[in-house]
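Chemist: Below you will find the structure I want to go over with you.
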Amino acid sequence: MPRLSKRYPKYRKHKASGQAIVTLGGRDFYLGPIDSRASWVHYDRLIAEWLANGRRLSQDADFDCGQMSVTGLCVRYFKHAQGYYQKNGQVTNEVAMIHCAIRPVRQLYGDTAAVEFGPKSSKPCANR
């Protein structure tokens, strides 16, 4: 039987960007410049939320319930993209392209439940 760990996820340095990073639930969260006060505050807040939700992220609980709409999913992905697509601490042009790609999906399928949305939903009308 595995041992239960009482350790917190490590605050560590992301070598490529030089930022502080923590991994929760298999996802990396960039916290800002390493050893800055703001990065430690962000780390403490994430760990507190993670512990309060039984070592799960609160966003994951919403997604697991099947209550999230396509709009909610798009918003979550866009926030992820803003943190992920960075170079030297600056957001890259990839984020603007993702925003342009997400817009028609939100307009057409925004109110649809995320669990009901899939590749067949986005096929052109002529092929249905």
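Taken together, the values in this text are just the output of simple stated rules run on the coordinates, not laboratory data. Because the structure is predicted, anything quoted here is derived from the model rather than measured. Cβ coordinates were reconstructed from backbone atoms using ideal geometry, including for glycine residues, and neighbour counts include every protein chain displayed.
Chemist: Taking R0 as 30 Å, what's the FRET efficiency between A16 and E49 from their Cβ-Cβ distance, rounded to 0.05?
Modeler: On the way: r = 26 Å, r/R0 = 0.86.
Plugging the Cβ-Cβ distance into 1/(1 + (r/R0)^6) gives 0.70.
Chemist: Could you order the peptides 42-49, 97-104 from most to least packed, using the average number of other C-beta atoms within 10 Å per residue?
Modeler: Top of the packing list down: 42-49, 97-104.
Chemist: Shifting gears a bit: What are the ³J(HN,Hα) couplings of segment 14-27, residue after residue, when phi is run through the Karplus curve with 6.51, -1.76, 1.60 and θ = phi - 60°? Round to Hz, x for glycine and proline.
Modeler: Once θ is set to phi - 60°, the couplings for segment 14-27 become 8, 4, 5, 9, x, 8, 6, 8, 9, 10, 10, x, x, 10 Hz.
Chemist: Can you tell me the length gained on complete extension of the stretch A96 to K6, counting 0.36 nm per residue apart and subtracting the Cα distance?
Modeler: Extending this stretch completely gives an extra 28.3 nm.
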